[in-house]
Every structure is written in C-alpha cells, then in structure tokens.
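Engineer: Just dropping this structure here.
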Amino acid sequence: MKKVISLLLVMVLLGSASACGTKQAQDTADNGQKTEQKQETTKGGESSGADAADTAGEDAEKTDENPWSHLDLSEYAEVNFFFPGNKPEDFDEVAAMANELMLEKINTKVNFTIVSYGEYANKLSLFLAGDEDVDLIYGASWLGYADYVKSGAYKSFDWDFVQTYMPLSAKNQAQSSWKEVEFDGLYYGITNNRCDVGWNGAWTTQALLDKYGYKAEEIDSYEKLIEYLDQVAADAPSTGVYPINPQGDYPMDAFHWFTTRYHLMDVNAGAANWMVWPYNTGKEFAVEDLKWFAETDEYRQFCLQMADFYKKGYFPASVISNSTLLDDNFINGTSAIVNAGPSNLNNLTVNMPNETPVFLNCYWDDECVTRRGNYFIYATCFPATAENSERAAVALDCMKFDPQVHSLLLGGVEGRHYTLDEENNTYEPGPDALKYPWGNWSNNGALNNDSDPKLKMDDEMQAYQDMYEAALVPSEIFPVNGFNYNSAEYEAELSAATALANEYRFSFCFGLFGDQTQEKLDEFIAQCKAVGIDDVCEDYRKQLAAYMEQ
C-alpha cells in the first residue's frame, strides 16, 4: 500500500555470491515485459545514455566475480541513506547482515536513517541543504522532485558516471526508467526498477458485513459500496467506525473516486496542471484531448459527492488534521474500508489476527482497463551537498542488483521473514513477516525490481489479479510515460496555480465546502485562469506532442 503524505500528492534475485548480478540480469532479460530495454538510438544517430546499457553489460560480464573491480575501493567508506517510512522491528538486524556483505564486496557501510512520513516531508529541504550528512536520499514527484532539480538541490550525473560507478544498474535497470529522471541530457536520480500492473478494490471486514447484512459478492459497484457505507456512517457517532478515515494529506482524489471511477487516465497527477483523458470513448489518444482536471464534468461530480459524503459523516469532522495513515485506521478498526489490491490479503491477515479482511471488487466494470505507469514514482538521488556520491552510487548499485544484498534488504531472512519458491519466483510471508514486511522500506529506497519474486496469492485473490492483468493496455494507448514538463517559460504562472490548488484542493476532496462546493469550484477555476493556468496547460500539451514525435 503506498503511503504518501504531501500537498503535491495525487494521485506506483537470489543467487550465489560469485554470480554477483548474472542471474538478476538473466531474470530481467527473460521477462517479457522488458522489451523497452532493447537498444535504440537518438535522432542524431548517437547512442543515448540508457541505450548504452549493452556496452556496460559487456564490461560487467568481464568481471563476474566483482562488477566494481575496475574501481579503487581499498579505502573504507560510510554512506548515509535517508528515506521516509516506518521502521520494521527487525530492520537493524537485517541491515547489519547486509552491511557485512557490502563490507566484503565494496568495503562500504550504509547507515540507514528512516524518518516518519510527516517529518520527512517537513524536513526534506533541510536534509538537502546540508543540515544533515546525507549521501543518498529519497525523492518523489509528490515531494517536489522537479522543483528540487531546477533549484540544484540534487546532483546531476551522466551515463559515463552510471557505467563507471553503477555497472549493474547500467546493465539491468529498465531503459525507459532513465528517461523519467532525465533533464537536459543529465540524470538526477535512480528510480525503482519495478512497474507492476495493479488494481485496487476495497477491503472491509466480515464482522462489518455481517452487522449490516451484506455478502461481499453483493458489493460489486460504486453504488452498492455507497449503500453499504451509508449505513456505517449512520452509526459512526456511536461506534467510532467511519466509512473512510484517511489522513488529511492523502486526499480522496488519490483514491478511485475520481480518475478510476470516471474511466480517466491521468498525467502529472496531483499537480496544479494535472491533466486527464477519458479512455472509454473509443477515440485514439490525442494530445489536444487532454483536459485540465478542474474543468472536467467528472471533477465537479467528484467534488459534489465528497460534499455529500462529509454531510453524511463519512469522514471524521477533523479529517484535515488527521495524521494517522488510512491503512492503520483500517487495521485499528476506525475505518470501514481501505483501498488496496488482492496482494494485500496476507499483510492484513497478519496485522488483523482478530478480524477477517474481505476483498470487495467494487470499482471494476466492463469498461475498466489497467496500464503500466511510470517507473518514477520514487527515486534515490544524490544531494548536491554530498561529498562522496561516487561511493554512494556503488553502494546503491550493490543494494539494487547484487543478489545476496538485494534479497536481504528486500525481504529479510529467508525462512524467518519469508519463504521462497524459486521455481515459480514467488514468496510467502514467514513466521516473522510482520517484523520485516516484504518490500516495505525497500520500495521507498527505490531498490525493488521487476524480476523480484511476487507474492503467492490464494486462488480467489489470484483470480482477481489475473483479471486485472488481462485488461492491460499497451503504452501506445496513453503514451506519456517518461515525459517531463519543463515549466521554465511559465514558472510564475504554475507557482501561482500551485498555491491555489493547495489552498482549495483538500477542502474539495473532503467535502468541506458543503453547499458552497459548486460556487467554490467556479471560484477556484476562475482564479487559476486569472494567473495563467490555460497557458501552462497549452504549453504542457505542446511539449508532450513534441516528446511523442521523438
């Protein structure tokens, strides 16, 4: 479950030590979803940075015993890695085991600092300013990644740097992922190397279904879900169980109540110039059909429904100031539903030993589709103030792609935290899974890979997942992945629109404007137009059209 908490949010192995990445590379090559890693050339006929991956791979293969043997790593070094999350109980033990391996392989120790989500968002600018000694740091679009790039807070690097200090990343990282962190020919981060096909339903509990006289299979649409939640809302003052009890900085348009419900694909989600496109009209994608989110009829309907939800008591009255994650509120029994996919069953079962979580396939209909989004949801960056980015890059390369180190950091100790089925490349939670949840923090560390083992699900949940994956549409349907908007010409206009979006959006998302919702939405749109949002969006379309022609 992705836990994001910013005003800019929207709306994401195992082998022997001697192989040191060979099996990982083969897993990636064998994955049918990795066709984008085929070598391409830029328009000038020269090989682009990521397109040189084959060359880097050949270099790495020359030194299978040690991909970094061309570097002088004789001097011991420590690397400080900062990222947000909740620290697992067994984290220190697993990190010590991983560091023991990294000391043998690259003579480097990584000091991991996990910062709570709220504190991280508030202190990121201080971390980047050099108030802390940071060598590797978590970056994300919802944390103003593009703004930090423009301000010089992240250190840039080129493909030669990648080939030299990150040979396994040069070989194994998905080619398209590099494009997503590229500005003016330079890179500013390394993304997760994982881009799953996912779809969320709503989880509730069997106890609540029984209380209100429902069966899970009966709640198979938005309308049926609302009927169920209306009854929960009526009792909330006495039970303390709200239909939806989210944290205040995780707005409802990040759920399925906007884009998914109205069959919209989106780009730049959560930003002031958020754009959407309806995929169920039968028309092929055209840049001119991208609409600014606030002007769509769908967003107006969404805002009005949120006002109705608030009036009915769907959210706590103090929802804006609520800092507890929705996931935790559901586990603790104060939220009737949480949005998550079929694979979350094991996590919920472990965390809710006295409850029976039940999956509701209530957001799906015959027109729904799934697609692969960007690799860049999270990235690991080098702060401009860092003094040892070269060794930090080596450490990150080792954590992402060395089979032994990566498997430890990803899942913990096999047999305790997980059990592995190598033949099917799947895992199941082990007896101590709750003490080191699979992929928990490593997602925020941008360490996860497409070739990592997938959770083994029971037959019912696997059937849902299979259905969602069968509805995958090709990237040509909505060819926006990897596009980065350059707002240099309209910096002031976008900044003003962003301030307005931050002022209005959360009140729309939690229905706080009540009967004034339509009036306030018109006011918001008018003010954004007054500061130039139309010019920003037109420039956005123009740049996207040029990107698609490359």
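The values are calculated or read from the model by the stated rules, or taken from the named source; none is laboratory data. Here the structure is a predicted model, which means the values were calculated and not measured. As a convention, Cβ positions derive from the backbone with ideal geometry for all residues, glycine included, and neighbour counts pool all protein chains shown. Calculation scope for accessible area: heavy atoms of the full protein, side chains included, ligands and nucleic acids excluded. Shrake-Rupley method; radii C 1.70, N 1.55, O 1.52, S 1.80 Å.
Engineer: Going through the stretch 267-301 one residue at a time, which ones are over 22 Å from Pro251 (Cα atoms) and in a helix (DSSP H, G or I)?
Structural biologist: Result: Val287, Glu288, Asp289.
Engineer: Let me ask something additional. Among the residues of the stretch 150-164 satisfying the criterion of being of a type outside the set (Gly, Ala, Ser), more than 19 Å from Thr113 (Cβ to Cβ) and modelled with pLDDT of 90 or more, which is surrounded by the fewest Cβ atoms within 10 Å (Cβ to Cβ)?
Structural biologist: Asp160
Engineer: I've got another one for you. Suppose we filter the stretch 470-497 for residues that are within 21 Å of the chain's Cα centre (by Cα) and not hydrophobic (A, V, I, L, M, F, W, C); how many remain?
Structural biologist: Final tally of qualifying residues: 7.
Engineer: How many residues, within the stretch 521-534, are open to solvent by less than 40 Å² (accessible area, probe 1.4 Å) and of a type in the set (Val, Ile, Thr)?
Structural biologist: The qualifying residues number 2.
Engineer: Then there's this: Would you be able to tell me the number of residues in the stretch 426-455 that are closer than 25 Å to Tyr378 by Cβ and either touching a Cys at 6+ places or on another chain (Cβ under 8 Å) or not in a strand (DSSP E or B) (or both)?
Structural biologist: 20
Engineer: So which residues in the stretch 124-141 are in a helix (DSSP H, G or I) and either surrounded by fewer than 22 Cβ atoms within 10 Å (Cβ to Cβ) or among the acidic types (Asp, Glu) (or both)?
Structural biologist: Within the stretch 124-141, Ser125, Leu126, Phe127 meet the criteria.
Engineer: Another question, if that's okay. For residues that are in contact with a Gly (Cβ under 6 Å, 6 or more places away or on another chain) and more than 14 Å from Asn347 (Cβ to Cβ), tally how many sit in the stretch 416-440.
Structural biologist: Summing the residues that are in contact with a Gly (Cβ under 6 Å, 6 or more places away or on another chain) and more than 14 Å from Asn347 (Cβ to Cβ) in the stretch 416-440 gives 2.
Engineer: Looking at the stretch 299-325 only, could you name the residues that are in contact with a strand residue (DSSP E or B) (Cβ under 8 Å, 6 or more places away or on another chain) and either on the phi > 0 side of the Ramachandran plot or surrounded by fewer than 17 Cβ atoms within 10 Å (Cβ to Cβ) (or both)?
Structural biologist: The answer is Gly313, and nothing else.
Engineer: Anything in the stretch 456-477 that is in contact with a Ser or Thr (Cβ under 8 Å, 6 or more places away or on another chain), of a type in the set (A, V, I, L, M, F, W, C) and in a helix (DSSP H, G or I)? List them, or say none.
Structural biologist: Answer for the stretch 456-477, where residues must be in contact with a Ser or Thr (Cβ under 8 Å, 6 or more places away or on another chain), of a type in the set (A, V, I, L, M, F, W, C) and in a helix (DSSP H, G or I): just Met461.
Engineer: Turning to a different aspect of this structure: Asp220 fails exactly one of the following numbered conditions: (1) at pLDDT below 95; (2) under 28 Å from Thr370 (Cα atoms). What is the number of that condition?
Structural biologist: Result: Asp220 passes all but (1).
Engineer: In the stretch 404-416, what residues are over 23 Å from the mean Cα position of the chain (by Cα) and open to solvent by less than 10 Å² (accessible area, probe 1.4 Å)?
Structural biologist: Selection gives nothing.
Engineer: Now for a different question. Within 24 Å of the chain's Cα centre (by Cα) and part of a helix (DSSP H, G or I): does that describe Ala121?
Structural biologist: So Ala121 passes the test.
Engineer: Would you point out the residue of the stretch 535-550, among those that are assigned to a helix (DSSP H, G or I) and open to solvent by 70 Å² or more (accessible area, probe 1.4 Å), that is farthest from Ala497 (Cα to Cα)?
Structural biologist: Met548
Engineer: If I filter the stretch 432-442 for residues that are crowded, with 19+ Cβ neighbours inside 10 Å, small (Gly, Ala, Ser), in contact with a Ser or Thr (Cβ under 9 Å, 6 or more places away or on another chain) and within 29 Å of Leu71 (Cα to Cα), do I get at least one hit?
Structural biologist: Checked the stretch 432-442: no residue is crowded, with 19+ Cβ neighbours inside 10 Å, small (Gly, Ala, Ser), in contact with a Ser or Thr (Cβ under 9 Å, 6 or more places away or on another chain) and within 29 Å of Leu71 (Cα to Cα).
Engineer: A follow-up question, please. Can you tell me which condition Tyr310 does not meet? The list is (1) within 23 Å of the chain's Cα centre (by Cα); (2) part of a helix (DSSP H, G or I), and all the others hold.
Structural biologist: Of everything listed in (1) within 23 Å of the chain's Cα centre (by Cα); (2) part of a helix (DSSP H, G or I), Tyr310 misses just condition (1).
Engineer: Consider the stretch 81-97. How many of its residues are open to solvent by 20 Å² or more (accessible area, probe 1.4 Å), closer than 20 Å to Pro431 by Cβ and assigned to a helix (DSSP H, G or I)?
Structural biologist: Total satisfying the criteria: 3.
Engineer: Read through the list (1) within 16 Å of Leu455 (Cα to Cα); (2) touching a Lys or Arg at 6+ places or on another chain (Cβ under 7 Å); (3) acidic (Asp, Glu), then give the number of the only condition that Glu423 fails.
Structural biologist: (2)
Engineer: Just a yes or no: is a residue in the stretch 87-107 in contact with a Leu (Cβ under 8 Å, 6 or more places away or on another chain) and of a type in the set (Phe, Trp, Tyr)?
Structural biologist: For the stretch 87-107, residues in contact with a Leu (Cβ under 8 Å, 6 or more places away or on another chain) and of a type in the set (Phe, Trp, Tyr): absent.
Engineer: Return the residues of the stretch 326-365 that are open to solvent by 10 Å² or more (accessible area, probe 1.4 Å) and assigned to a helix (DSSP H, G or I); say none if nothing qualifies.
Structural biologist: Asp327, Asp328, Asn329, Ile331, Ser343, Asn344, Leu345, Asn346, Asn347, Thr349, Val350, Asn351
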